[in-house]
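Heads up: the structure comes next, in structure tokens.
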């Protein structure tokens, strides 16, 4: 029984007819993975062949424990950049210590993800809001592109921010390698043309749109192979920087070296990489699942990604997550199950065993062109416009994260974005929406007097508070109550409708007690209506209900009936007035 539980759910229901679709998808996805893996390893400051290691076992790990049928896990540009950003201050790129640090970073992020998955912390993806993620990805994409200008031209550059890298590149531009620059620019132009024009050309030739789009995604592999072939024929490896020797054979499975001093330095970057990788992967998985009518389990995603990163570390790779481009290829090629990922891993293994020499003469400038085009697809200017139009604070969070990444670096940028998200959250909750409401004629419903035609009473005021009550917003609530009391000089009863209040802290309760006392001095009774059970329990543990000058009503309608009857009994009946709908 226990052995049966170890079998992935998708494998229990696998149908043989799916094998063809999974195999074709695996072939095309691996053709996309190979050039990207080499390029992203170089972007991370690692030997390019380590990208192939990072694209091998992680595919298997995710297939066993993840929940998406087509998500393709492996190296991605953003995590490669974050790896370089985390390791550059503590080791020299390409050194043994640097490689060991990258492996340890993958291990730490994998352990963090796996623990989060076992504890059931899938909801932590909400720590990074969509505007922050969009801003970070767009900013990181530009940072990546700026950083690849130098290798595209065959020169070196240094720096931590986009401005520093750009200045370094410009200062070293007189040393541009003409041959590398020419090949890099030709590759870049070809990739852009293939991305923009190839689908249109293929459709003109009679290829259906989905297949044309799929074939255009294979252009990077074709250009990589052409550049390798030309380099081999004309011996350009003597003039151009190339990938160099790629060890033949599968990676050795070894336990990563763990140094406590390096663990201390990399723990925070590992946490950031884990969270960002999870959010990025989950968004990709959800977008595909919605189209396929599937369900994604966030905790299973954590376990799948955690296992993938741990396996990457044990096989000498670096941090990985779900790739949008490769997942799209997998989906468009007709993958039916995670078996496509296992088959893709087998194809990568065959490349490592028998075809590594093919890529030893791949020019670095062509890899740079591949990275630039891939990163350009991550920039989303429409997202900023959308977030700003929807909510200025969301636009501010995205813009702040975007500029933070460019001006201050990766960690500072995402830290600024998270800080802005929490700041906007506090700003919103500290200014709760409070509505004066009245009863819709002929119903028991109470609505905002500014939005509906409702009946109100001059001596009874109904206020609905649409936010939880706690220390940072209770002052705003108190100020609004005083304003409304002054606007209603004949007020005898004030009813607070708490239907939208799910939580109230001790500070808010203390202030409500003071408000109750202040209103009583003005001969105004404070009443509560539509109080939820958990909130009523908290109020019951305080002195508020004992001191309350009024009553607690089950509904606003019951409150109105009771208070009107009470006023009639006291011969204080007041005529009803009608509040017209606000034209705005």
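A few remarks follow.
- Label-to-label distance, nm, for residues given as residue 207 and residue 27 (7 Å Cα→Cβ offset): 1.5
- Shape of the range 19-148, Cα gyration tensor, a/c cut at 1.5: rounded
- Theoretical gain in end-to-end length, residue 479 to residue 549 [0.36 nm per residue, Cα-Cα removed]: 23.2 nm
- C-alpha center-to-center spacing [the range 420-459, the range 260-289] in angstrom: 40
- Here residue 444 and residue 254 are evaluated by their C-beta separation; at R0 = 60 Å the FRET efficiency comes out at 0.25.
- Overall form of the range 432-532 per C-alpha gyration tensor (a/c, 1.5; a/b vs b/c): oblate
- Using a cutoff of 8 angstrom between alpha carbon atoms and counting only pairs six or more residues apart, the relative contact order for the range 404-515 works out to 24 percent.
- Sorting 255, 137 from the fewest to the most surrounding beta carbons within 10 angstrom yields 255, 137.
- By the count of other C-beta atoms within 10 Å, a proxy for reagent exposure, 20, 405 are ordered fewest to most as 20, 405.
- Note on the chain: helix-only mean residue ellipticity at 222 nm, from DSSP H runs of 4+ residues weighted -39500 (n - 2.57) and normalised by residue number, equals -19500 deg cm²/dmol.
- In this rough spin-label picture, where each label sits 7 Å from Cα along the Cβ direction, the residue 558-residue 379 distance is 6.1 nm.
- From least to most packed, judged by other beta carbons within 10 angstrom and beginning with the fewest, 32, 327, 360 follow the order 360, 327, 32.
- The range 534-559-the range 239-258 distance, computed between alpha-carbon centres (Å): 69
- Rounded tilt (10° steps) of 381-390 against the dominant C-alpha axis of the chain: 0
- The chain: relative contact order as a whole-number percent, Cα under 8 Å and 6+ apart: 22
- Length gained when the stretch residue 430-residue 389 is fully extended (0.36 nm per residue, less Cα-Cα span): 12.6 nm
- Computed from the Cβ-Cβ distance with R0 of 30 Å, the FRET efficiency linking residue 170 to residue 222 stands at 0.40.
- Theoretical FRET efficiency, 1/(1+(r/R0)^6), r = Cβ-Cβ of residue 287 and residue 537, R0 60 Å, to 0.05: 0.90
- A straight line joining the Cα centroids of the range 127-206 and the range 352-376 runs 14 Å.
- Cα coordinate range in the range 19-389, projected on the principal axes (Å, largest first): 58, 55, 52
Read-outs: derived from the displayed coordinates by stated rules, not from any lab. Owing to the predicted nature of the structure, the values given are computational and were not obtained by experimental measurement. Quick reminder, even Gly has a Cβ in these numbers, built from the backbone with ideal geometry, and neighbours come from all protein chains shown.
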